[in-house]
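Quick notes on the structure that follows.
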Amino acid sequence: MAMLPKHRPDDTFSLRERLNSRKVGGTLLLVSAVIAMIFANTPLAGFYNFIKDFDLSIPAIGIDHMTVAHWASDGILAIFFFVVGIELKREFVTGQLRDPRKASLPIAAAVGGMAVPAIVYAIVVSTSGMDALEGWAIPVATDIAFALGLLAVFGKGLPSPFRAFLLTLAVMDDLLGIVVIAIFYTASLSLWWLAASLVTIAVYALCVNRGWNARWLLIPLGILAWYFMLRSGVHATIAGVLLGLTVPALPRAGDKISLAEDMEHDWNALSQGVALPIFAFFAAGVPFAAGDGTFFDALSHPVFLGVFLGLFIGKPLGILLTVALLYKSPYFRLDSSLNLKDIAALGGLAGIGFTVSLLIGELAFRGNEAMLDYAHLGVILGSLAAAFVAIFTLRLRERAHHAEKLPEGKVAMP
């Protein structure tokens, strides 16, 4: 698992560094989604659906009804969640989440930013009389890769606490999203298989904390933990998160960096360069004429509207309202270089749900292709709308901060 030395100039290292970039990761994710949408809305749709629905079950080991698309969401996406777990561990041990005073406001904003879009979705769907409330959690997620990628490109002149606030909010959002998946989207539960997965994760934790970091040992343990979690009925990607949380986030004696930082560097390239683009390709291929109607019929469907409005309106509104209500309280503190206009711009970035929202849509409406298409279309268009607004507002806030002198000791993001 050791990270390649920084001075090594070979092609593999160069490619890994590029794939670790938020900009490159976000670009690959977007390109994969666009290609999928082109496939799904052209004469290539039949070929695309054939690949997507191709059965890759392995009955001999109890893996049934697993299509290529299911392997993308239930299998390969575990790599992404493993990296999320490592990021969470680092944030809790050495990052913003270790200091409750600094983390309290973005954590509260994350909660508000999840509650309001869920309420928006529930109101839209319930007032329509449609039985589709199981999709309430679809618009609650924030896509870290996209949000930080856009910030890196369009918000370079913003003060550094802006990124810290967004990162803390997004990490907490991911943690709460994982809890939602584990609690609300577990159809059936086998305690024996779950116990087997947890024991395997404990063995993995013992190995990484003892310094037994050989690939031949850790990768098979990780695959076993994933397999047992899959058989338990809990979504298998949860195993990836739990494995990531076991990795030590402080350097061992004689090491310059922690194992968490080392492994995040290695696995993030695979996550952004392979796992996320493959998942996006099979999740984002939604026909614009979702269901049995036209594209314009789809735009008026309650599930589409609930997801779209939840991401585009509910997410930024929930974050802004929460911060506006709490930031003057003695228990919460907004950095002196930020104001509510900055939080409004940040809320637009948080409305980019994409990866986790698409996954929750898969879980909520698996087996109901029409509803799933409406939900995914809402995620894609809602995230795109939020991204376009965020780009505009980031530029406005960047100009405003350039026109002001930053407080002493504060620097703009590089």
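Per-structure values
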| read-out | value |
| --- | --- |
| Partners for residue 341 among aspartates and glutamates (Cα-Cα distance below 17 Å; same-chain residues under 8 apart left out) | 398, 404 |
| At R0 = 51 Å, FRET efficiency that the Cβ-Cβ distance of residue 340 and residue 199 yields, to 0.05 | 0.60 |
| Built amide H within the under 5 Å cut-off of residue 67, gap 5+ | 56 |
| Efficiency of FRET between residue 404 and residue 324 - r from beta-carbon atoms, R0 25 angstrom, step 0.05 | 0.75 |
| Heavy-atom SASA rank of 127, 168, 246 (probe 1.4 Å, accessible area, largest first) | 127, 246, 168 |
| Subset of 23/315; 89/315; 102/328 violating a 21 Å alpha-carbon distance limit | 23/315; 89/315 |
| Per-residue [θ]222 nm for the chain (sum of -39500 (n - 2.57) over DSSP H runs n ≥ 4, rounded to 500) | -21000 deg cm²/dmol |
| Residue 368 versus residue 207: modelled label distance in nm, points set 7 Å from Cα along the beta carbon direction | 4.0 nm |
| Estimated inter-spin distance, residue 391 and residue 65, nm [label 7 Å along Cα→Cβ] | 4.1 nm |
| Efficiency of FRET from Cβ geometry, residue 192 and residue 123, R₀ 45 Å, rounded to 0.05 | 0.65 |
| Alpha carbon centroid spacing (whole Å) that separates region 227-269 from region 298-320 | 33 Å |
| With DNA, RNA and ligands ignored, accessible area of residue 52 (1.4 Å probe; Å², nearest 10) | 30 Å² |
| Residue 41 paired with residue 256, simple spin-label distance in nm, labels 7 Å along Cα-to-beta-carbon | 4.8 nm |
| Option label - Cα extents along the principal axes in Å computed here, alternatives (i) 66, 58, 39; (ii) 65, 60, 56; (iii) 63, 57, 42 | (iii) |
| Span-like helix ranges in the chain, DSSP H, alpha carbon extent 18 angstrom or more, Kyte mean at least 1.6 | 22-40, 160-184 |
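The values are calculated or read from the model by the stated rules, or taken from the named source; none is laboratory data. This one's a predicted model, so the numbers in the text were calculated from it and none came from an experiment. Please note: Cβ atoms are built from the backbone with ideal geometry, for glycine as well, and neighbour counts cover all protein chains shown. Side chains are part of the model used for accessible areas, which takes the heavy atoms of the whole protein and leaves out ligands, DNA and RNA. Shrake-Rupley method; radii C 1.70, N 1.55, O 1.52, S 1.80 Å.
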